[in-house]
Amino acid sequence: MATSTFSRRIVMMMALGVALPAMALAGLGIFLTLRIVQAVEAESRRYHRYMAQQVAEGFEQELMAHLRDASAPAENVVRTGGDRARVLAALESRGLEFGQAHVVDLAQLPDYFMLLVESQPLVYGAAQRGSRGERFVGVMLRDAEGDIVGAGGWWLESRVFLRDHLTDVVEDRLASNERIYGGLEALRHVAVVLVAPDQQEIGRVRNPGSSRTSSSARLEGPFAGFSVSTLPTPDAPVAWTRQFLMFEVGFIGLMGLVIAIALVFGLRFTVRQIELARIKSSFVSNVSHELKTPISLIRIAVETLEMQRVTSPEETKKFLRRIRREAIRLNQLVDNILDFARLEAGQRPFRFGAVDVAELVRETVDSFRIRIEDQGFAFAMELPPGLPAVRGDANAIAQCLLNLLDNAVKYSRTRREIRIVVATRPDGVAISVSDRGIGIDPRDQKRIFEKFVRLDSGLVHDVRGAGLGLSLVSQIVKAHGGRIEVNSVPGEGSTFTLVFPPDPGVAEPQGELQERTAS
Ligand code: ADP
């Protein structure tokens, strides 16, 4: 199975197994909390509306209680006898009497209306002194026989009365309404604000917080024009449920982020491990295949010679050449594997010294020429005179060059051309190996230097290899303080360039060796 398909499946599995349930749970949590918040808000809204009406009515009750207390003693009564005469005259002129109704219709008695304080009719006089915002509040009393025995009253300044009685109304009169609607909202969570007709606040009980569920009610009767607003206090359930929801959304978001990051890292780690396991197993099979092929070729050639099936000296030469070629190849592969293991363990010793690049390149190419020729490659080499010596391990550098040449042969199709160019650069000496083979996709040009990596292109499948060569080359070059560059166009060919730093000079004459271990 291709690794990318496999990785995609893991991503899908993780998404289905972890991310989706986590998202569903978080979504459900937020949804349920939102529903709870909405329920609390609805209840709170109802409660505030109810409390606003209760407060509005409470003022009239308070007024009545006030009047009752004030008018109960006889001396409080009939303080302004003139009013009695006026009320009676007004009633009489309209053919009305007390006792006909507890509340006389205002339409019938403009300027006056009445309420009962227990059995006593109460008269509110419309504001003759309205300019001062006052109202006349009076009481009419009947005796046991039902005759009116007196009327009394006083001027009432609504604003002052309301302000002075606000706390009484809210805290005392409505204490019985402490909890309603399941008891979630309570009086202590309600702030009450009293507003005058000119919209000025004239008093408040507790400070309001959020106004999401506020409500207001207009006062009537003697307090017409005034209104009360009820709002939740900052510690009211309705205020903190919303905050709780915000906190929950924030917390879930944060946890989601943590899960997402963990998923991404976990996924990358898993995919990497799977990829490594796959690479390792394919490495074993690649290496065995690589070892087996030259061995069988050598065995067959030796057997053929042994059985003296070859008659002509030319043919014998051909078989011997084949044996030599495969032996060189086997040798290179074994070198690669051994060196790779040593480099991995940090135990590859380098014998550094001044290296004559021109000589090294010539010798390496000679040892490889048999493959170049046998496989029909056109070969060109540019070796300018007077190249400076580089500092390095000649065997290791030769091994790098052999690997690049081997790849150039392996990854060329019909255009069989190899070119080696050696040039001086400001930072050392550059050895380039170019081919006109399959080329490398720019996306893969970094990856190919990782151990065991072999690209998935069609040709690579048909070519023998263990994915060690370039990783080995790159490690050796690094140990030399040099670098490797790749320049490649898919379908056009590739150029690999090794740059080795120059030898520091005469202080260290050529041939003087110094041991160093790659790590
Ligand atoms: P191997 O050749 O054994 O597979 P290497 O480490 O030498 O391993 O190379 C890694 C991969 O880089 C190769 O499998 C191949 O896909 C790609 N590669 C290396 N050299 C060339 C080249 N000259 N042209 C095209 N592809 C190359």
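Laid out as a table, the results:
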quantity	calculated
Chain lengthening between residue 318 and residue 251 when straightened (0.36 nm per residue, less Cα-Cα)	16.4 nm
Rounded, prolate or oblate (a/c below 1.5 giving rounded, otherwise prolate when a/b exceeds b/c) for region 277-415 by Cα gyration tensor	oblate
Taking N as its residue count, the alpha carbon Rg of region 330-372 over 2.2 N^0.38 Å	1.43
Exposure proxy ranking, count of Cβ atoms within 10 Å, fewest first, for 307, 381	307, 381
Relative packing of 480-489, 395-404, 266-275, which averages over residues the other C-beta atoms within 10 Å, highest first	395-404, 480-489, 266-275
Using θ = phi - 60° and Karplus 6.51 cos²θ - 1.76 cosθ + 1.60, couplings along region 158-166 (whole Hz; Gly, Pro as x)	3, 4, 6, 4, 4, 4, 5, 9, 4
Region 215-222 - phi-based ³J(HN,Hα) in whole Hz, Karplus 6.51/-1.76/1.60, Gly and Pro as x	8, 9, 9, 8, 8, 10, x, x
Three-way shape call for region 358-491 based on the alpha-carbon gyration tensor, with the a/c threshold at 1.5	oblate
Residues 411, 47, sorted so that the one with the fewest Cβ neighbours within 10 Å comes first	411, 47
Additional length obtainable on full extension of the chain from residue 295 to residue 489, 0.36 nm per residue less Cα span	66.4 nm
Three-way shape label, region 335-413, alpha-carbon gyration tensor, a/c 1.5	oblate
Subset of 318/451; 410/446; 318/478; 410/478; 317/451 violating a 31 Å alpha-carbon distance limit	318/451; 318/478; 317/451
Gain upon complete extension [residue 25, residue 335; 0.36 nm per residue less C-alpha separation]	105.9 nm
Ranked 304, 230, criterion: other C-beta atoms within 10 Å, fewest first	304, 230
Estimated inter-spin distance, residue 160 and residue 39, nm [label 7 Å along Cα→Cβ]	5.0
Residue 235/residue 264 FRET efficiency (R0 41 Å; Cβ-Cβ; nearest 0.05)	0.50
Förster radius 35 Å - calculated FRET efficiency between residue 171 and residue 198, Cβ distance, rounded to 0.05	0.85
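Bear in mind that the values in this text are calculations on the coordinates, not laboratory data. It should be emphasised that the depicted structure is a prediction, and the values quoted were computed from it without experimental measurement. Neighbour counts run over all protein chains shown; Cβ positions are idealised from the backbone, glycine included.
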